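The structure under discussion appears below in the form of structure tokens.
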Amino acid sequence: MKNWERTIKQFVHYLKIERSLAENSIFAYQQDIAKLRDFCESYTLSPEHVQAGHLKQFVAELFDMGLSARTQARIISGWKQFFDFLLLEEIRKDDPSESLEMPRIGRKLPEVLTIEEIDALIAAIDLSTNEGQRNKAILETLYSCGLRVSELVSLRFEDCFFEEGFVRVIGKGNKERLVPVSPSVVEEVNLYAQTDRENLQIKKGNEAYVFLNRRGAQLTRVMIFTIIKQLADKAGIHKNISPHTFRHSFATHLIEGGANLRAVQDMLGHENITTTEIYTHLDQRFLRDAILTYHPRNNES
């Protein structure tokens, strides 16, 4: 079916350009989506018409084939990434993979930046350029609010309630949430709005967006990715980072600082708290100090 061929090609392009995945990883994704395509084509289903019931039926077949839990989890993860992409591109309005349960295996921890590395990235920005203040405001917003890159490029001034200390975010599935915004973000965004942005010739229809490119149009996700890659090279940071790395870092630093897991879940806009629990990989020293400080047996006189 042509729909599958075209959509898979777009998905592969996304994995290469925006996710910067290795060729082996992209090939594995292609293989897993090809399995899904073959299954769906036997029911004459296009990517737009796959339902949760179809996916659950195929998962049952994977189990019957005797595949290991790790292999099943990899395949399901690939499907979830695929349908997440379809949502992002507005090819679908719902995610049929959302209710799929992953087999219980150890989860790979996401790449996280240290506070020092984030400071180094921001310090690498050349504020003398036309885009310097914009890029600084972008990095501060990504890290301080934990936004997805799609949420960042879609942020409008009408969503910024700076006096109240919040930004309104429209996330996956058109779900709305309020995220606290730090004084540093307010300062950097306002400074950008009054300097670099003020000097742009804004294209009609783009006036509401906070972050614009040099031609006065809405920034793309690819452009944000490119900005971060260039800054990482300049700062000498060799981790494989992307805009999503700031979201991982935001959540990890909050958890390590003692933030409530439910509060972090709300700020990230996670449907299920098990998704947020991956950020509880606290270092042993922090955990030990917390136990020694708060456990009642350690407070006896």
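The values are calculated or read from the model by the stated rules, or taken from the named source; none is laboratory data. Note that the coordinates shown come from a computational prediction; the quantities given were computed from them, not determined experimentally. Cβ sites come from the backbone with ideal geometry, for glycine too, and all protein chains shown count toward neighbours.
For the stretch 3-17, the criterion of a residue being assigned by TED's automatic domain parsing to the domain that holds residue 79, among the hydroxyl-bearing types (Ser, Thr, Tyr) and surrounded by 15 or more Cβ atoms within 10 Å (Cβ to Cβ) is satisfied by at least one position. A Cβ distance below 6 Å, combined with a sequence gap of six or more or placement on separate chains, defines the contacts here; from the stretch 175-200, residues that are touching a residue at least 60 places away in the same chain (Cβ under 8 Å) reach residues that are assigned to a helix (DSSP H, G or I) in the pairs 179/145; 179/267; 195/133; 196/133; 196/134. Summed over the stretch 172-193, the residues that are part of a strand (DSSP E or B) and among the acidic types (Asp, Glu) give a count of 1. Of the residues making up the stretch 44-84, just one is farther than 16 Å from residue 99 by Cβ, among the small types (Gly, Ala, Ser), part of a helix (DSSP H, G or I) and modelled with pLDDT of 85 or more, namely 78. Of all the residues in the stretch 44-103, those that are without any contact (Cβ under 8 Å) to a residue 24 or more places away in the chain, polar (S, T, N, Q) and touching a helix residue (DSSP H, G or I) at 6+ places or on another chain (Cβ under 9 Å) number 2.
Looking at the stretch 210-286, the helices (runs of 4 or more DSSP H) lying wholly inside it that each contain 2 or more residues that are outside the structural domain of residue 84 (by TED's automatic domain parsing) and modelled with pLDDT of 80 or more sit at 221-235, 243-256, 261-268.
Restricting attention to the stretch 134-163, which residues are surrounded by fewer than 16 Cβ atoms within 10 Å (Cβ to Cβ) and out of contact with any strand residue (DSSP E or B) (no Cβ under 9 Å at 6 or more places or on another chain)? Working first, answer last.
Looking only at the stretch 134-163, we keep the residues that are surrounded by fewer than 16 Cβ atoms within 10 Å (Cβ to Cβ), and these are 156-158, 161-163.
Listed by number, the residues that qualify are 162, 163.
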